[in-house]
1. Cross-link partners among lysines for K47, C-alpha distance below 17 Å, same-chain residues fewer than 8 apart left out?
2. What trypsin sites (Lys or Arg not before Pro) does the range 24-128 have in DSSP loop regions with at most 15 other beta carbons within 10 Å?
3. Grab the alpha carbons of the chain, take their convex hull, and tell me the volume per residue in Å³.
4. Helix-only estimate, please: 222 nm mean residue ellipticity of the chain, summing -39500 (n - 2.57) across DSSP H runs of length 4 or more and dividing by its residues, to the nearest 500.
5. Helix 2-12: angle to the longest alpha-carbon principal axis of the chain, degrees 0 to 90, nearest 10?
6. Quick one: what are the phi-derived ³J(HN,Hα) couplings along the range 97-105, Karplus 6.51/-1.76/1.60 with θ = phi - 60°, whole Hz, x for glycine and proline?
7. What whole number of Å gives the distance from the Cα centroid of the range 24-73 to the Cα centroid of the range 95-141?
Amino acid sequence: MFRIALLASAILGLPAMAMADRIPLQADLTGKSEVPANATAGSGEVKATLDTDSKELTWAVTYQGLTGTATGGHFHGPAAPGANAPVASGWGTALANPVTGKAKLTDAQIKDLLDGKWYANIHTQANPGGEIRGQVMRAKP
């Protein structure tokens, strides 16, 4: 679509219109990805979209098989896989499956997110440091 707009503007001699990118992101959540790892049977998935024009991140998180009720859910960063980091954006207190939400990000947060330095984490009473976790990456086409 963007290429068509650029081609049309070039042919017609009109200025090119700026278009926001909507970047799809994803994370697979497992206990093996926790730091330290745990043996939970729980798993989950994050599907998110970053709108580069509005700087808004929207997400939907699904999970199953946790040791108990989800007591917390967050994006953490900046951190590479295997490292821990503070909360970068919380998911609020409504953690019923699926968890949906949105947040405005700063330019620094956007850079860290797109550089793969954010991870998603779901906490439970049995695993207060996190039961399942996954690094947020650009979604594969």
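1. K55, K102, K104, K117, K140
2. K32, K55
3. Each residue corresponds to 109 Å³ of Cα convex hull volume.
4. After summing the helix terms and dividing by the residues of the chain, the value is -4000 deg cm²/dmol.
5. 10 degrees
6. Whole-Hz 3J(HN,Hα) from phi for the range 97-105: 7, x, 9, 10, x, 7, 8, 7, 10.
7. Between the Cα centre of the range 95-141 and that of the range 24-73, the gap is 6 Å.
Only the coordinates and a few stated rules stand behind these numbers; no lab work does. Fair warning: this is a prediction, and the values are worked out from it, not measured in the lab. Glycine also receives a Cβ, built like all others from the backbone with ideal geometry; neighbour counts cover every protein chain displayed.
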